[in-house]
1. Where the second residue is part of a loop (DSSP other than H, G, I, E, B) and the first is closer than 15 Å to residue B:117 by Cα and lies in region B:64-80, which pairs have Cβ atoms under 8 Å and are six or more apart or on separate chains?
2. Could you list all residues from region A:1-18 that are surrounded by 10 or more Cβ atoms within 10 Å (Cβ to Cβ) and either more than 7 Å from chain B (Cβ to nearest Cβ) or part of a loop (DSSP other than H, G, I, E, B) (or both)?
3. Here is a list of conditions, (1) over 30 Å from residue B:17 (Cβ atoms); (2) in a helix (DSSP H, G or I); (3) at pLDDT below 90, and residue B:195 meets all of them except one; can you say which number that is?
4. Out of curiosity, is residue B:54 under 19 Å from the mean Cα position of the chain (by Cα) and touching a residue at least 12 places away in the same chain (Cβ under 8 Å)?
5. Select from region B:27-46 the residues that are surrounded by 13 or more Cβ atoms within 10 Å (Cβ to Cβ) and in a loop (DSSP other than H, G, I, E, B) and list them in ascending order.
6. I'm checking my understanding of the structure. Among residues of region B:100-121 that are within 11 Å of another protein chain (Cβ to nearest Cβ) and outside any helix (DSSP H, G or I), which one is farthest from the chain's Cα centre (by Cα)?
7. Given the conditions (1) part of a loop (DSSP other than H, G, I, E, B); (2) closer than 20 Å to residue B:87 by Cβ; (3) without any contact (Cβ under 8 Å) to a residue 40 or more places away in the chain, which single one is not true for residue B:18?
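The values are calculated or read from the model by the stated rules, or taken from the named source; none is laboratory data. Computed from a predicted structure; not experimentally measured. Heads up, the Cβs are rebuilt from the backbone with ideal geometry, glycines too, and the neighbour counts pull from every protein chain shown.
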């Protein structure tokens, strides 16, 4: 297991990050 | 029993290669379907870009490690491409489920998305092998163990990619693949380096985005970026 913190909300993903929403 | 550093590094490489054994260095049937579902099919651009970036990567690899190692660089790149396709497919499946869409034309025709994703895949490959060559000093193509010289942010320079765009794929990449704890830790380190330093360097895309944000609120005083 790891302790990486996932910061993206449920409504956020790769599409939003690259302005494709 | 706890592993020696060398054994742990070897295990890490075996895990990466094992995970990719059934992955091809061409788009899978599922991935090809996503490409075909796009308003504009990105397949040819994807393949051409991989060829260009592959040449750049191998050349820089050879310059950093030694001219005898260009072939080794090509092997690393091929492994990176397999991981790139595998993670891309997983990301698209996840987005399809989240957004209920199958046409990802804008995303899949964005060169920055592809370059960022490939850079992240190669960073994973380099970090995996970099640990090994660092810890098994003496095994190399003839020279000092220097694969650690290609740790982040080396790949940004090779691909002329901004740290800001590389940052965008990290979390989704980790979510999409079953990476080892050490590699996740490495990507987290890259992420922190970007957030703390690289994204704030002069000329960063971040300042332009901040300026655009502030233009919405004319009364607010914008601080000039610190050099």
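1. Listed pairs, sorted by first residue: B:78/B:25; B:79/B:20.
2. A:2, A:4, A:8, A:12, A:13, A:16, A:18
3. (3)
4. Numbers: under 19 Å from the mean Cα position of the chain (by Cα): yes; touching a residue at least 12 places away in the same chain (Cβ under 8 Å): yes.
Yes; evaluated as a whole, the condition is true for this residue.
5. Within region B:27-46, B:27, B:28, B:37, B:38, B:41, B:42 meet the criteria.
6. Narrowing region B:100-121 to residues within 11 Å of another protein chain (Cβ to nearest Cβ): B:101, B:103-114, B:116-117.
Restricting the remaining residues to those that are outside any helix (DSSP H, G or I) gives B:101, B:103-104, B:109-110.
Numbers: B:101: 25, B:103: 23, B:104: 20, B:109: 17, B:110: 15 Å.
Filtering region B:100-121 for residues that are within 11 Å of another protein chain (Cβ to nearest Cβ) and outside any helix (DSSP H, G or I), the one farthest from the chain's Cα centre (by Cα) comes out as B:101.
7. That leaves (1) as the condition not met.
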